[in-house]
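Derivation of every value follows stated rules applied to the coordinates shown; laboratory data play no part. These figures come from a predicted structure and were not determined experimentally. For neighbour counting, all protein chains shown are included, and Cβ atoms are generated from backbone atoms with ideal geometry for every residue, glycine included.
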Amino acid sequence: MKLAALIAVGMAVALAVSLTGQAPPPRPSAASATQPKPYASPKTPWGDPDLQGVWNDATSTPLQRPNGLKDVLTDEEAADFQSSLAHDLTRDRRDGGADADVNRAYNDHWMDARRLKITADKRTSLIVDPPDGRIPPLVPLSPERQAVRSSRAGANQRFNAGLPDDYTDMSLPVRCIIRTDSPPYLPTIYNNNFQIVQSPGVVAIAPEMIHSTRMVYTDGRPHLDRGISQWLGDSRGHWDGATLVVETTNFRSDDGVVFQGANPATFKITEQFTRVGPTSINYEFTIQDPATWTKPWTALIPWNKVDPEEQMFEYGCHEDNFDIVHFLKGARSRQKNAR
Amino acid sequence: MGARRRFVLLALIAPAALVGSLAIAQTPAYRPPHRPDGHPDLSGIWQAFVTANWDLQGHEAQPGLHPELDGAYGAGPAGQSIVEGGEIPYRPEALGKKKQNFATRAKVDVSDDKKWHALGDPELKCYMPGVPRATYMPYPFQIVQGSNNTILIAYEFTSATRIVRMNWTQEAPADAWMGWSRGRWEGDTLVVDVTGLREETWLDRAGDFHSDKLHVVERYTPMSPYHLQYEATLDDPTVYTRPWKISFPLYRRLEKNIQLLEFKCVPFTEEMLYGRFRKPGAP
């Protein structure tokens, strides 16, 4: 069960760990982070910037800045930061006793080694705005939304204790409904690949996990009717110079569909994809939800091109989701033995 | 059907089919516009309007699994065979498995890992449908023909995705539900060679099946701005006596602002698959 809980933690955005602490005073974001050197992006034959290829967004740089760190590190500081993060993240350590070893049996063989490196620009958080590198404070939630959160917390508790009542006690990733294919795209423990294919009027983004393709229509058509909501929302894009700007709406209202329990009705995400070098894309997203956070926030995640010989492979999930049955049978068996 | 009768049937039908395909090959009535790279652009949203997902071979209309509950809603339409020659050339010993598949198509038991895939049509369980079945399911799919030797095919059914690698030599690294697709152009026809298919996928609700030795060669030929002729040859010596062919048109979806929507069916299957493991008395 501990292994299961560990996997579940991994499925939730593993690197977006909540690191609490006093934020340093705001200072201007590093120019290198937000204003990349101009790069003449290659173009498709029909004249759009060419984002095609297989890209990987793995990094150990946390979403939120750890306690007291400045925003950009020197080479020496960066080396220390990277090795400290890598030490914490690696599952090949043997310094935690028997219980920790059992947990780490799902070891680095299964993980993406690229997740042990910080971003090349040596930032200490993926969040670039607010300047303190942290998700803004929550606004007071309505009693209804508090109730939804408590109910979810109860389900998580049952699941982590090895006692799920039902499949609905498991998260959407565990149920193989959506996983890291839902925007914003955040790095996780493995399968951090994205394949982009373009034809006139559409940019297809295929995240490795799960196998859904997000069609970003760039031909100026309107969003879907409000009456059609989707697990991955409905994306529309336009080109702003070399940048693909994507706005996504029409998310379903199920719990867990939008980031960290935001309100799907007021949640808005804008993503920007900019080719900043022959082997790199800057992926930047801004989330606003006045019903959840006191102000909008923005993160920047570098995507690195994957060697063309290293192909993205199909990620099946539901088809062989043996564990969902193991979790439930295990729970029924534990309850029977406890009586 | 006995071997002799099958032979007679083939002898009658095969020449007609041959004439048909020659006629298509020799009189290219339509010359599609070409992209700068010299190939037609197959991008767009396409859909088949055959009933082969119920049965590749000729079939009558049929009631649903629970006519007492779903009446005409659950019933399946009649349709003519899309198999060249009418029938799939099963090895005699393989026919039994097809019949058993059909008989147990709606029986589901995921309580044992080892028997997880033993029963039930994968479509019923919302598993990725494989190739060529994904092409003739009653859902649209979108072709995104990249300019970098990659063609992506996204299917509405369970959001399955396939990457067609053009002029690629590397073999499938492992079996996958949607297989390993390598493409090339033959004139204006996109030819896709598919191997590495998981043996668990079926070809239709009638229980038609294959093994992991299945080799599919698909051909997509523009017939008008609004039609592709689709053809697939299935070769699997462990299940069939010879390679066999299906063909049907694909129609371009032309509705204003048509787009691929989600048919994420996992939530529609969870009660069927996992409901029995719920805590007794839980809401």
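Once both labels are modelled 7 Å past Cα along the beta-carbon direction, what's the A:Thr286-A:Arg152 spacing in nm?
2.4
Given the C-alpha centroids of region A:297-314 and region B:117-133, what is the distance between them in whole angstrom?
Comparing the Cα centres of region A:297-314 and region B:117-133, I get a distance of 30 Å.
Averaged over peptide A:312-324, how many Cβ atoms belonging to another chain are found within 10 Å of each residue's Cβ?
That average works out to 6.
Averaging over all projection directions, find the projected area of the Cα convex hull of region A:82-168 and quote it in nm² with one decimal place.
9.3
What's the average, rounded to a whole number, of partner chain beta-carbon atoms within 10 Å of each residue's beta-carbon in B:140-152?
Mean partner-chain Cβ count within 10 Å for B:140-152: 6.
Along the charge dipole of chain A, which of A:Asn156, A:Met111, A:Trp55 sits closest to the positive end, that is, farthest toward it, with unit charges on the beta carbon of Lys, Arg, Asp and Glu (+1, +1, -1, -1)?
Among A:Asn156, A:Met111, A:Trp55, the one farthest towards the positive end of the dipole of chain A is A:Asn156.
Arrange A:Leu126, B:Leu203, A:Leu172, B:Leu260 by Cβ neighbour counts within 10 Å, fewest through most, would you?
A:Leu172, B:Leu260, B:Leu203, A:Leu126
How shielded is B:162-172 by partner chains, expressed as the average number of their Cβ atoms within 10 Å of its Cβ atoms?
Mean partner shielding for this stretch: 2.
Excluding residues on the same chain fewer than 8 positions from B:Lys98, give the lysines whose Cα lies under 24 Å from its Cα.
Straight-distance partners of B:Lys98: B:Lys107, B:Lys114, B:Lys115, B:Lys125, B:Lys213, B:Lys245.
Take every Cα-Cα distance within the protein assembly as shown, group them into 20 Å bins from 0 onward, and report for each bin the whole-number percent of pairs it holds.
Over the protein assembly as shown, the share of Cα pairs per 20 Å bin runs 17, 50, 28, 5, 0 percent.
Can you pull the three principal axis extents for the Cα set of region A:126-236, in Å, largest first?
49, 33, 33
List B:Met137, B:Met166, B:Met128 from most exposed to least, where exposure is judged by having the fewest other Cβ atoms within 10 Å.
B:Met166, B:Met137, B:Met128
Sum -39500 (n - 2.57) across every DSSP H segment of at least 4 residues in chain A, then divide by the residue count to get the 222 nm mean residue ellipticity, nearest 500.
-6500 deg cm²/dmol
Relative contact order of chain B, please, whole-number percent, based on alpha carbon pairs below 8 angstrom and at least 6 residues apart.
Worked out over chain B, it gives 20 percent.
Would you please calculate the Kirkwood hydrodynamic radius of region B:42-277 over all C-alpha pairs and express it in Å, rounded to one decimal?
Across region B:42-277, the inverse of the average 1/r is 18.6 Å.
With runs of 4+ DSSP H residues as the only contributors, calculate the mean residue ellipticity of chain B at 222 nm using -39,500 (n - 2.57) per run, divided by the residue total and rounded to the nearest 500.
-5500 deg cm²/dmol
Cut-off under 23 Å on the C-alpha distance; same-chain residues fewer than 8 positions from A:Lys295 excluded. Which lysines are left, in chain and number order?
By straight Cα distance, A:Lys295 reaches A:Lys70, A:Lys268.
Can you put B:Glu270, A:Glu144 in order of Cβ neighbours within 10 angstrom, beginning with the fewest?
Starting with the residue having the fewest Cβ neighbours, the order is A:Glu144, B:Glu270.
Counting C-alpha atoms alone, how compact is chain A: give Rg to one decimal and Dmax as a whole number, in angstrom.
Cα only, chain A: 20.5, 69 Å (Rg, Dmax).
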